[in-house]
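The values are calculated or read from the model by the stated rules, or taken from the named source; none is laboratory data. None of these values were measured; they are calculated from a predicted model. FYI the Cβ positions are ideal-geometry reconstructions off the backbone, even for glycines, and counts take in every protein chain you see.
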Amino acid sequence: MIVKSLPILLAVFFACAATCVAQPVSPPPLPPPKATAEEFYRTYIKLQIRGLPSDEELKTLSPMLSPNLKLLFENAARVKAKYIRDNPDEKPPWHDGDLFTSLFEGAKSFKVGTPRMRGTRSEVPVELAFSGDGATTRWSDTLLLVREKGRWKVWDILFKGEWAFKQGNSLRGVLSSD
């Protein structure tokens, strides 16, 4: 009896196996750009990075950065190290100030706005504030995200602050100058 039912059992088994294999596996949903922006700025506020990020700070930020932006940070670190070797008595580039916002002193708080989608990119306005010496400075920058490998990654930050002494117009621009 077992021998007679074996072909039927095998047919049922292979039908079930084929059904399981045929089901498409959906990738996990992409988190919204706003969530990525909030994660980035929470990390930035916590680290309070001044100048180029240290190796440990860059390691913390790396999962949120596009590979190209991470490469710009690594290249800037090499340029800075060479400058220090060649000019030991001078202040190297990217030594002081906040590279992640328009304001040299950086931000102490943030509020992420509504992202604008542009294909595989997203522009996220961010309201920032710095308080010190009894005064508060407020401004907006724009975080540019790119969709890579199922995640939003920081591609650039546009510095929108309107003061004479900001380091540049964007993070990528600041990192590319030496």
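Take the conditions among the hydroxyl-bearing types (Ser, Thr, Tyr) and in contact with a Gly (Cβ under 8 Å, 6 or more places away or on another chain) and apply them to residue 54. Does it pass? Steps first, please.
Numbers: among the hydroxyl-bearing types (Ser, Thr, Tyr): yes; in contact with a Gly (Cβ under 8 Å, 6 or more places away or on another chain): no.
No; evaluated as a whole, the condition is false for this residue.
Quick check on this structure: which one of 92, 88, 53 is crowded, with 16+ Cβ neighbours inside 10 Å, out of contact with any Pro (no Cβ under 7 Å at 6 or more places or on another chain) and farther than 29 Å from residue 33 by Cα? First the steps, then the outcome.
Values: 88 fails: crowded, with 16+ Cβ neighbours inside 10 Å; 53 fails: farther than 29 Å from residue 33 by Cα.
Just a single option satisfies the conditions, and that option is 92.
Restrict the check to the stretch 52-59 and report whether at least one residue is charged (D, E, K, R), within 23 Å of residue 152 (Cβ to Cβ), in contact (Cβ under 8 Å) with a residue 12 or more places away in the chain and assigned to a helix (DSSP H, G or I). Quick ask: steps written out before the conclusion?
Looking only at the stretch 52-59, we keep the residues that are charged (D, E, K, R), and these are 55-57, 59.
Still in the list and also within 23 Å of residue 152 (Cβ to Cβ): 57, 59.
Filter again for in contact (Cβ under 8 Å) with a residue 12 or more places away in the chain, leaving none.
Within the stretch 52-59, not a single residue is charged (D, E, K, R), within 23 Å of residue 152 (Cβ to Cβ), in contact (Cβ under 8 Å) with a residue 12 or more places away in the chain and assigned to a helix (DSSP H, G or I).
Of all residues in the stretch 158-168 being at pLDDT 95 or above and over 14 Å from residue 97 (Cβ atoms), which is farthest from the chain's Cα centre (by Cα)?
In the first step, residues of the stretch 158-168 are kept if they are at pLDDT 95 or above; the result is 158-160.
In the following step, the residues that additionally are over 14 Å from residue 97 (Cβ atoms) were identified as 158, 160.
Values: 158: 13, 160: 18 Å.
Of everything passing the filter in the stretch 158-168, 160 is farthest from the chain's Cα centre (by Cα).
Is it fair to say residue 110 is in contact with a helix residue (DSSP H, G or I) (Cβ under 7 Å, 6 or more places away or on another chain), in contact (Cβ under 8 Å) with a residue 24 or more places away in the chain and either under 24 Å from residue 35 (Cα atoms) or part of a helix (DSSP H, G or I) (or both)? Lay out the reasoning, then the answer.
Values: in contact with a helix residue (DSSP H, G or I) (Cβ under 7 Å, 6 or more places away or on another chain): yes; in contact (Cβ under 8 Å) with a residue 24 or more places away in the chain: yes; either under 24 Å from residue 35 (Cα atoms) or part of a helix (DSSP H, G or I) (or both): yes.
So residue 110 passes the test.
Which count do you get for residues in the stretch 163-176 that are in contact (Cβ under 8 Å) with a residue 60 or more places away in the chain, exposed (fewer than 14 other Cβ atoms within 10 Å of the Cβ) and not in a helix (DSSP H, G or I)?
So in the stretch 163-176, the residues in contact (Cβ under 8 Å) with a residue 60 or more places away in the chain come out as 163, 165-167, 171-172, 174-176.
With the extra rule that they be exposed (fewer than 14 other Cβ atoms within 10 Å of the Cβ), the set shrinks to 163, 165, 176.
Subsequent filtering for residues that are not in a helix (DSSP H, G or I) retains 163, 165.
Qualifying residue count for the region: 2.
Being of a type in the set (A, V, I, L, M, F, W, C), surrounded by 16 or more Cβ atoms within 10 Å (Cβ to Cβ) and without any contact (Cβ under 8 Å) to a residue 24 or more places away in the chain is the filter here; which residues of the stretch 113-157 pass it?
Here is the first cut: in the stretch 113-157, the ones of a type in the set (A, V, I, L, M, F, W, C) are 117, 124, 126, 128-130, 135, 139, 143-146, 152, 154-155, 157.
If we keep only those that are surrounded by 16 or more Cβ atoms within 10 Å (Cβ to Cβ) as well, we get 124, 126, 128, 130, 139, 143-146, 152, 154-155, 157.
Passing the criteria: only 144.
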